[in-house]
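The values are calculated or read from the model by the stated rules, or taken from the named source; none is laboratory data. Since this is a predicted model, take the numbers as computed values, not measurements. Cβ: placed from backbone, ideal geometry, glycine included. Neighbour counts: every protein chain shown. To get the accessible areas, we keep the full protein, side chains included, count just its heavy atoms, and leave off ligands, DNA and RNA. Shrake-Rupley method; radii C 1.70, N 1.55, O 1.52, S 1.80 Å.
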Amino acid sequence: MDVMPLLLLVAGSAAVAAAARRTPAPAPLLLVAVGLLVSYIPGVPSYTLDPHVVLPLLLPPLLYTSASDSSYLDLRAQLRPVALLSVGYVLFATLVVGWAAYLIVPGLPLPAALVLGAVVAPPDAVAATAVARRVGLPSRITTILQGESLLNDATAITAYKVALGAAVGEGATWGGGIGEFALAAVGGVGIGLVLMAPLHWLRTHLTEPLLQNTLSLLIPFVAYGVAEQAHASGVLAVVVVALYLGHRAWEVDFATRLQEEAVWKMVAFVLESAVFALIGLQLPIVLKRLGEYEGTSAAWYAVAVFLVVVVARFVWVYPATFLPRLLSARIREREQDPTWRGAMVTSWAGMRGVVSLAIAFSIPPTMADGPRNLILFLTFTTVIGTLVVQGVTLPPLIRLLKFPGRDRQAETLAEANAQAQASRAADARLDELLEDERNALPPPLADRLRMVLERRRNAVWERLGQVNPVTGESVDDTYRRLSRAMISAEREVFVRLRDHRYIDDEMLRALLRRLDLEEAAAFREVA
């Protein structure tokens, strides 16, 4: 097996993603653009997007990291709009896009057109998360978009299977499809519920951070694989497990959390970068398979389908946002008022991604070559169109709509109050422990514990203070800078002692790790 193409893909996509951080261009868009250009360089390997790799190997970790970073409580609070988008909108888009393609493309059978509709229906989890993180959307809209993108793949894959069965003559019905979706959804959620407690127990009872993080890397594949073996939704199983583990992450050992955060940041960065680069690299493969639909007619079909996809989301989102409130007093009482600006951003943030392409590549040869190749081409152009058009214009649209920014003062005040309550509880617990003679400490050490506690309590309040009139720094910025300077001085001494053979490398690593943890603690205190 030649691993060089894989290494080139990972290294190249990581380099482009890193460069994107220094430019105003969103990383997903730049990766896709570079992938398109590189795909025509002579000698570049052919990167065929294999659905047997993307769905079971790339999708679970991407879903897991996105879901574990999401808020279970926020998602539960927005469950109704999330369900309307992840289930209702996907089915609506499947029917609307499928029917439009059937009318637009001469000779395209309706079942094949519905396959196309199901394939391009779900906005992509990776694209939604990447854009939301970059543009800083309001928390409610971000929760809705992330929740939709986490759950909609299950709906789309089920709709695709039903439409595909009809397209290849297997006699699938929409009634049977509804039953299949219900079974997949209930089964996926059920398997997630069954797995989450034992997996969390293992995470909290393994004593080695390396073993705990190895388990963390295996969890999404275990949840996905078990569910798929049971013919349930692996997507929902991964999401349920990840939401639970993320919600209970505070019960895991601190060393595990530190390592796990770093590991998953690296995994997400590499996979997201490779996924968007892969999308761009598919262009020669897609064009090669276009066949009888080449020429201006194919371009017209691509533009028409893209426009239908974009318009259909507006047609669904605005009524789904405002009609339930008009019809239900309970919804008006329980949920905050939506705004037309929020509905506008939700409608426009419908980027498609690698999942749609992976599903399209999985269409079996039993479907006629013409419709199969056309579906692949239209899927590719829709993915590229949404990433380019919507991905580029979403940040300026958000700026134009002038969403109210986050109230940093109120957030800092809430954090300070929370820290004050926690500090009082810790102070009382320390007094209680020190009364026991088994916990006797010399006064200087006891005072050190109280000083650490006091520093943690005061650090948040200090953010509300004035900036330094000479440097323009806030108090916490100055504290962080001085702390790092002191730690840097210590680090240089340790290295010099190692170089003079006063201490060995093993001792140096132990001392540097202690300084690293102190620096991380100083950064987190004021970050």
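Here are the numbers:
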read-out	value
For the range 12-129: accessible area per residue (Å², 1.4 Å)	41
Average accessible area per residue (Å²) across the range 155-289 - probe 1.4 Å, nucleic acids and ligands excluded	45
Angle between the chain longest axis and helix 209-229 axis [Cα atoms, degrees, rounded to 10]	20
Size of charge dipole - the chain - debye, nearest 20, with Cβ of Lys, Arg +1 and Asp, Glu -1, no other charges	1180
Estimated inter-spin distance, Lys288 and Arg257, nm [label 7 Å along Cα→Cβ]	5.0
Fraction of accessible area attributable to carbon and sulfur, the range 16-108 (%, probe 1.4 Å)	69
Ellipsoid equivalent to the range 414-456 - semi-axes via the Cα gyration tensor, in Å	23, 12, 4
Using distinct alpha-carbon pairs, which all enter the 1/r mean, Kirkwood radius of the range 7-74 in Å	14.3
Per-residue [θ]222 nm for the chain (sum of -39500 (n - 2.57) over DSSP H runs n ≥ 4, rounded to 500)	-25000 deg cm²/dmol
Gain in span if fully extended, Val389 to Val493, counting 0.36 nm per residue against the direct Cα distance	32.1 nm
Euclidean distance between Cα centres, the range 213-239 to the range 109-125, Å	25
Once the Cα gyration tensor of the chain is diagonalised, semi-axes √(5λ) in Å	47, 27, 24
Extension gain (nm, one decimal) between Arg509 and Leu79, 0.36 nm per residue minus Cα-Cα	150.1 nm
Where a label projected 7 Å from the Cα of Leu6 along Cα→Cβ would reach, residues of the range 42-85 with amide N under 11 Å	none
Rg/Rg_globular for the range 180-273, with Rg_globular taken as 2.2 N^0.38 Å and Rg from C-alpha atoms	1.11
Rounded tilt (10° steps) of 4-20 against the dominant C-alpha axis of the chain	70
Accessible surface of the range 310-436, 1.4 Å probe, proportion on carbon and sulfur as whole %	60
Value of relative contact order over the chain, rounded to a whole percent, pairs C-alpha under 8 Å and six or more apart	20
Tilt relative to the chain, helix 139-167 - C-alpha long axis, 0 to 90 degrees, to 10	30
